[in-house]
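Computed from the coordinates by the stated procedures, all read-outs in this text should not be read as laboratory data. Since this is a predicted model, take the numbers as computed values, not measurements. With ideal geometry, Cβ positions are generated from the backbone for all residues, glycine too; neighbour counts draw on all protein chains shown.
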There are 2 protein chains.
Amino acid sequence: MDDSDQEPDIDERRERAREEVLDAMERAAEIYGLSRSYGRLYGLLFFAEEPMSLDDLVERSEYAKSTVSTAMNSLQRLHLVHRRSIPGEGKKAFYEAERDFWTVFQEFLRREVRREVDTMIRSLDRAEQHLDGLDDEQAQRDLEKIRQLRRMYDRSQSLIDILTSSSLDRLAGLLERLRRD
Amino acid sequence: MDDSDQEPDIDERRERAREEVLDAMERAAEIYGLSRSYGRLYGLLFFAEEPMSLDDLVERSEYAKSTVSTAMNSLQRLHLVHRRSIPGEGKKAFYEAERDFWTVFQEFLRREVRREVDTMIRSLDRAEQHLDGLDDEQAQRDLEKIRQLRRMYDRSQSLIDILTSSSLDRLAGLLERLRRD
DNA sequence: TGATATATTCGGCATTATCCGAATATACTG
DNA sequence: CAGTATATTCGGATAATGCCGAATATATCA
């Protein structure tokens, strides 16, 4: 007699538990501007004991292979999943979930935010050059606003530099100190 | 003889400078998952000396009033703009840009992220209940993963609490210390 | 309350995003 | 290098979003 005879609802309860978390991950994906399918695919990898292949994911998710393929590429760019190859498995790609969201966030800062900040700063500098030396009240007021924004972006830049080079533990300890102060 | 005779390109240079910044703001909006129009509308407010009415914004942006109206509501929810009424102006609403992105970020943490974290934690707890006491290897492994995630979300929660209650200056000072350590 | 100025909502059209299956490209193996 | 297993790309169907103008709702003031 096997498990399911002995305790007929084990599988169902396990299934329910996972489904609960997968749903939450779909919602989370939505909040951060990703499509729900990404949340579900991430969740499947999150619960996997071993890296999953594209075909594994296709089977479990019931999405088309093309869908899973592009999703994996996006999730990889976001550092939410990692791609590995396994010796002896040929071209086959395997994916696993990154479970430490802090490093995911750090990578987002490094790649997306940092790039936004840099291009904004370049634009602000160009705008400043256009206005510099203009004998015009309106121009002076614009200039002041632009410089203020530029200062804020400078501070953001250093903040990003610090955040992307600190472990979460280090940061958490420091913030703990802040709370007590 | 007026300004434009004396220095014919003042207006154009001012225009160019603003357009440079507005473009950058449209790109930034895109990066953070908003539509470009939001970036432009925010930019118009950013440069305004005084609060602007819906009709002002319609005129300057050349979007339809309905578009501007819904955009203002969204930007308001994100705390990127503030709505004010002006005594003696009746029902008319006036908008101004929030120039401190740190408070914008704080509000986003408070409203969106905090909510995501809370519902995820609730889901994780429900999932844990489903699995608790199950005599099943797979269930135990799932349980361990869920608990690990739960611990991470707990830490996130306190991090959010701290971040949403500290001024940028305070935080920046602290992080400066971190850098030197 | 009625008149007026303003804001919001709604249906529709155009654009974009998602997802699919088929076709193509790519990497590995013998 | 041919053959095979795998991944990616592409065109098309469907759903979602952005934007509009007209219709409706709401707030203020006489």
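Can you check what the net charge comes to around A:M152, using other residues whose Cβ is under 9 Å from the Cβ of A:M152 (Lys, Arg +1; Asp, Glu -1)?
Details: positive: A:R150, A:R151, A:R155, B:R99; negative: A:D154, B:D100.
Around A:M152, the charge tally is +2.
Two decimals is fine: what's Rg over Rh for the protein assembly as shown, C-alpha atoms, Kirkwood radius as Rh? Before the final figure, lay out the partial values.
On the way: Rg = 25.2 Å, Rh = 23.8 Å.
Result: Rg/Rh = 1.06.
Work out from phi, with θ = phi - 60° and the Karplus expression 6.51 cos²θ - 1.76 cosθ + 1.60, the ³J(HN,Hα) of each residue of the stretch A:154-169, listed in order in whole Hz, and give x for Gly and Pro.
Each residue of the stretch A:154-169 in turn: 4, 4, 4, 4, 5, 4, 4, 4, 5, 4, 7, 10, 10, 6, 5, 4 Hz.
Mind checking which of B:V104, B:L174, B:M152 is farthest towards the positive end of the stretch B:101-180's charge dipole, using Cβ charges of +1 (Lys, Arg) and -1 (Asp, Glu) about the Cα centre?
It is B:L174.
Using only atoms on other chains, find how many Cβ atoms lie within 10 Å of each Cβ of peptide A:153-162 and report the average. Present the calculation step by step, with values, prior to reporting the outcome.
Details: counts 1, 0, 5, 4, 0, 4, 5, 0, 2, 6.
Going residue by residue through A:153-162 and averaging, the value is 3.
With n ≥ 4 as the cut-off for DSSP H runs, can you work out [θ] at 222 nm for chain B, using -39500 (n - 2.57) per run divided by the number of residues, rounded to the nearest 500? Present the calculation step by step, with values, prior to reporting the outcome.
Working: 9 runs with 125 residues, N = 181.
Taking each H run of at least 4 residues, the total per residue is -22000 deg cm²/dmol.
In Å and on Cα atoms, what radius of gyration and Dmax does chain B show?
23.7, 91
Considering all alpha-carbon pairs of the stretch B:28-97, what whole percent are spaced by more than 17 angstrom?
On the way: 849 of 2415 pairs.
So the portion of pairs separated by more than 17 Å is 35 percent.
Using the C-alpha atoms of the stretch B:101-180, what convex hull volume per residue, in cubic angstrom, is computed?
102 Å³
If the elastic network links every pair of Cα atoms under 10 Å, which of B:E49, B:E137, B:E116 fluctuates the most in the Gaussian network model of chain B?
Highest fluctuation among the options: B:E137.
Label-point separation (nm) for A:R110 and B:T70, each offset 7 Å from Cα along Cα-to-Cβ?
Each label point lies 7 Å from its Cα, and together they span 3.9 nm.
Nm distances between the label at A:R114 and the same-position labels in the remaining copies, 7 Å along Cα→Cβ, shortest first?
Once sorted, the set of distances for A:R114 reads 3.0 nm.
Test of understanding: ordering B:H130, A:H82, B:H79 by Cβ neighbours within 10 Å, fewest first, what list do you get? Write out the running numbers ahead of the final one.
On the way: B:H130 24, A:H82 14, B:H79 18.
By the 10 Å Cβ count, ascending: A:H82, B:H79, B:H130.
Taking amide H positions as placed in the peptide plane 1.01 Å from N, state which residues far from A:S53 in sequence (5 or more) or on other chains have amide H under 5 Å from it.
Correct list: A:Y95.
Just how far, in whole angstrom, is the stretch B:46-95 from the stretch B:112-181 if you go by their alpha carbon centroids?
Centre-to-centre (Cα) distance: 37 Å.
Over chain A, what is the relative contact order in whole percent, taking alpha-carbon pairs under 8 Å and six or more residues apart?
Working: 140 pairs, mean separation 23.5, N = 181.
Dividing the mean separation by the residue count of chain A yields 13 percent.
Hey, got the dipole for the stretch B:3-97? About the Cα centre, +1 on K and R Cβ, -1 on D and E Cβ, debye to the nearest 20?
On the way: 14 positive and 20 negative charges, 180 e Å.
For this selection, approximately 860 debye.
Karplus couplings for the stretch A:116-130 from phi (6.51 cos²θ - 1.76 cosθ + 1.60, θ = phi - 60°), rounded to Hz, Gly and Pro as x?
So the Karplus estimates, Gly and Pro as x, are 4, 4, 5, 5, 4, 4, 4, 5, 4, 5, 4, 4, 4, 4, 4 Hz.
Collect residues whose amide H, placed 1.01 Å from N in the peptide plane, falls under 5 Å from the amide H of B:V81; neighbours closer than 5 in sequence don't count.
So B:V81 has HN proximity to B:Q76, B:E98.
Using the number of other C-beta atoms within 10 angstrom as an exposure proxy, rank B:Y32, B:Y42 with the fewest first. Mind showing how you got there, number by number?
Numbers: B:Y32 14, B:Y42 24.
By the 10 Å Cβ count, ascending: B:Y32, B:Y42.
List the distances, in nm and shortest first, from the label point of A:T67 to the matching label points in every other copy, placing each point 7 Å from Cα along the Cα-to-Cβ direction.
Counterpart label points of A:T67 in the remaining copies fall at 3.2 nm.
Using the Karplus curve 6.51 cos²θ - 1.76 cosθ + 1.60 with θ = phi - 60°, work out ³J(HN,Hα) for each residue of the stretch A:40-57 in order, rounded to whole Hz, and write x for Gly and Pro.
These are the phi-based 3J(HN,Hα) values: 5, 5, 4, x, 4, 5, 4, 8, 5, 7, 10, x, 10, 7, 3, 5, 3, 5 Hz.
Select the chain B residue whose beta carbon lies nearest to the rotation axis carrying chain B onto chain A, and write the distance in whole Å.
In chain B, the Cβ lying nearest the symmetry axis toward A is B:G33, 2.
Rank the residues B:Y38, B:Y63 as a footprinting-exposure proxy: fewest other Cβ atoms within 10 Å of their Cβ go first. Write down the numbers at each step before the final one.
On the way: B:Y38 22, B:Y63 16.
Going from least to most buried by this count: B:Y63, B:Y38.
Please count, across the protein assembly as shown, the pairs of lysine residues with Cα atoms under 16 Å apart that sit 8 or more places apart or on different chains. Working shown, then result.
Numbers: A:K65/A:K91; A:K65/A:K92; B:K65/B:K91; B:K65/B:K92.
The result is 4.
Taking each label point as 7 Å beyond Cα in the direction of the beta carbon, state the distances from B:L54 to the same residue in the other copies, shortest first, in nm.
5.0
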